[in-house]
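One structure below.
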Amino acid sequence: MPRALVTGASRGIGRAIAERLARDGFDVVAAARGQRELDEVCAEITAAGGRCQPLVLDVSDPQSVAAALLGADVDVLVNNAGIGALKPFMETTAAEWQRMIDVNVNALYHVTHAVLPSMIEKKAGHICTIGSISGRSAFVGGSCYAATKAFVTSWSESLMLEVREHGVKVSVVMPGSVTTHFNDHVPSDDDAWKLSAADVADTVSYVVGTPPNVLVHRAEVRTLTVPHGRARR
Ligand code: NJP
């Protein structure tokens, strides 16, 4: 049974990806910091006939990641964990800035560095990272966040060019606005126009399900239901 490691799998987009990949036949390792939420995700997946194990992990902590993923053998890594403190630059604290860089950027090094060797050795594997349309289209309040997502796009393309000759696929899925708790948002009826987490998970499922000789490197996912007058994303 192929195995998928999904970071940030305790809620939102990551949870939907874990559920979707389990339905697709993956043995899922669901990683995040919150044990209780991860246990719920895995219980739900198991009850639906899938396979899932929780992994309590702060992806921004290099020692913890190295210890947890030492010798890890996964077929698909979904780098989904990400945070956003969306506010004007001058209101962004140094701690918020550092945290976004640690989780959205540095964690990609820690986690991917741990799982890539076994993929290269097997000459197969897929690293799929959740970026954002904001990574190539800036917005007010996104000075750090959008820049971290620009990093995701650039890093993913460079890595893809580097490892495809080893049979390893690298993709980036770039959503628009999605109904989740991202940036401390409380989902409400006002979010009806946004993408659902399941919409993004469907895209990840498609991207990792392509035939061995096909790579969808970049997928941009948008809603068609933006209300008049809203910022277009
Ligand atoms: O966010 P949210 P989304 N170590 O807050 C986990 C991108 N995106 O699902 O650790 C490990 O509901 C956290 O779990 P916990 C976005 O940039 C979103 O919306 O227990 N895990 C939770 O499971 C991000 O890359 C939108 O707190 C850590 C998960 O991450 C991805 O989509 C639009 C962690 C966050 O769940 C998922 O965001 C877009 C750590 N240090 C891109 N820190 C959007 N929502 O509109 C957090 O274009 N997590």
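The values are calculated or read from the model by the stated rules, or taken from the named source; none is laboratory data. Since this is a predicted model, take the numbers as computed values, not measurements. So basically every Cβ, Gly included, is an ideal-geometry build from the backbone, and we count neighbours across all protein chains shown.
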Filter the range 17-40 down to residues that are near the ligand (Cβ under 8 Å from one of its atoms) and surrounded by fewer than 24 Cβ atoms within 10 Å (Cβ to Cβ) and give me whichever is nearest to residue 66 (Cα to Cα).
33
Report yes if residue 13 is near the ligand (Cβ under 9 Å from one of its atoms), at pLDDT 95 or above, among the β-branched types (Val, Ile, Thr) and closer than 19 Å to residue 208 by Cβ, otherwise no.
yes
Among (1) under 19 Å from residue 156 (Cβ atoms); (2) within 12 Å of the ligand (Cβ to nearest atom); (3) part of a strand (DSSP E or B), where does residue 77 come up short?
(2)
For the range 44-62, what are the residues that are away from the ligand (no atom under 13 Å from the Cβ), under 22 Å from residue 204 (Cα atoms) and outside any strand (DSSP E or B)?
44, 45, 46, 48, 49, 50
Note down all Cβ pairs under 9 Å where the first residue falls in the range 65-83 and is within 16 Å of residue 52 (Cα to Cα), the second is part of a loop (DSSP other than H, G, I, E, B) and not hydrophobic (A, V, I, L, M, F, W, C), and they're at least six residues apart or on different chains.
74/2; 75/2; 76/2; 78/8
I'd like to know if the range 95-111 contains one or more residues that are in a loop (DSSP other than H, G, I, E, B), within 16 Å of the ligand (Cβ to nearest atom) and in contact (Cβ under 8 Å) with a residue 40 or more places away in the chain.
no
